[in-house]
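This report concerns only the one structure given below.
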């Protein structure tokens with residue numbers, strides 16, 4: 001799939017960069033375009049490469065920063081088991097080290113969990129807005145919560161899944177890859193699944209199992225009402241991961257959220273409908289940045 005191929009724009013691009021984190025882990029990230037900063041955070045078992053097409057399209061108006069999270073792409077896992085807290089702290093360190101403010105941060109799938117966890121741990125002073133792409137604040141279901149994974153995954157099923165990852169990661173990745181996309185697209189365009197699978201298979205089984213176990217422990221629901229920045233809830237209307245009710249919950253719970261459904265997409269609208277996705281993100285980012293500028297002007301006049 002073209003979306004999984006490295007994007008190399010002729011103008012405004014900076015090659016892959018490296019940032020040494022607090023424990024010595026060297027994070028790889030790409031930096032392209034100029035303008036207000038958009039930070040694109042990929043999902044579990046993926047990498048920054050999954051954003052290549054939309055990054056190139058967004059870079060005509062924004063500075064696009066695309067890191068590979070620990071244990072993904074060109075960034076090693078680092079010492080010890082990796083947790084969501086580690087990734088959240090990494091993203092906060094990334095923003096602080098680069099001196100970035102008024103950032104619109106996009107989290108796809110697990111990337112949204114990382115975004116929410118970063119806000120929980122460090123606040124959102126550096127953010128102008130956030131884009132949540134097809135994710136739930138709690139992925140596991142129980143008798144009191146049915147807006148986790150659409151499969152009905154609960155604690156027991158998650159434990160079985162992590163065991164399967166450790167036992168045979170290639171087989172698990174092969175089963176997981178088609179579920180990223182709308183079923184009709186996966187059937188109609190097998191190459192998009194094959195290209196995604198090539199990237200997924202490169203992950204380390206234990207690192208992915210450790211990170212899945214950490215993600216399964218997260219419950220960000222109590223924190224959402226305090227995240228008072230503009231939010232765009234982008235979801236695939238044909239997603240096998242989460243139903244539309246999850247997106248409605250987010251719109252109702254976050255203080256300043258709006259939703260955009262992608263009619264022909266599953267769990268990865270940025271791959272399945274990249275042009276519409278880019279248009280939605282650009283429109284939202286402009287609005288969020290305008291609000292941030294207006295707020296700063298008002299606060300400055302008061303002080």
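Taking a ≥ b ≥ c as the square roots of the Cα gyration tensor eigenvalues, with a/c under 1.5 meaning rounded and otherwise prolate when a/b beats b/c, else oblate, which class fits the stretch 195-303? Judged from the Cα gyration tensor, the stretch 195-303 comes out prolate (a/c at least 1.5, a/b above b/c). Gyration tensor over the Cα atoms of the chain: the corresponding equivalent ellipsoid has semi-axes (square roots of 5 times the eigenvalues, largest first) of 27, 22, 20 Å.
What shape does the stretch 155-256 take by its C-alpha gyration tensor, where a ≥ b ≥ c are the square roots of the eigenvalues and a/c under 1.5 counts as rounded, a/b above b/c as prolate, and the rest as oblate? Because a/c hits 1.5 or more and a/b fails to exceed b/c, the stretch 155-256 counts as oblate. Of the residues 294, 151, the one with the fewest other Cβ atoms within 10 Å heads the list, and the complete ranking is 294, 151. In plain terms, the residue of 65, 95 with the fewest other Cβ atoms within 10 Å comes first and the most crowded comes last, giving 95, 65.
With the Cα gyration tensor of the stretch 123-172 giving a ≥ b ≥ c as the square roots of its eigenvalues, does the rule (a/c under 1.5 for rounded; else a/b larger than b/c for prolate; else oblate) give rounded, prolate or oblate? Because a/c hits 1.5 or more and a/b fails to exceed b/c, the stretch 123-172 counts as oblate. Expressed to the nearest 5 percent, the antiparallel share of DSSP beta bridges inside the chain is 35 percent. Taking the fewest neighbouring Cβ atoms within 10 Å as the starting point, the ordered list for 155, 66 is 155, 66.
Each pair of Cα atoms in the stretch 26-182 enters the Kirkwood radius, and Stokes-Einstein at 37 °C and 0.692 mPa s then converts it into a translational diffusion coefficient of 197 µm²/s.
Here is how the number arises for the chain: DSSP H runs of 4 or more residues each give -39500 (n - 2.57), the sum is divided by the residue count, and the result at 222 nm is -13000 deg cm²/dmol.
For the stretch 129-213, dividing the convex hull volume of the Cα atoms by the residue count gives 126 Å³ per residue.
Read the figures in this text as sums done on the coordinates, not as results from a lab. Please read these numbers as outputs of a predicted model, since none were measured by experiment. Cβ: placed from backbone, ideal geometry, glycine included. Neighbour counts: every protein chain shown.
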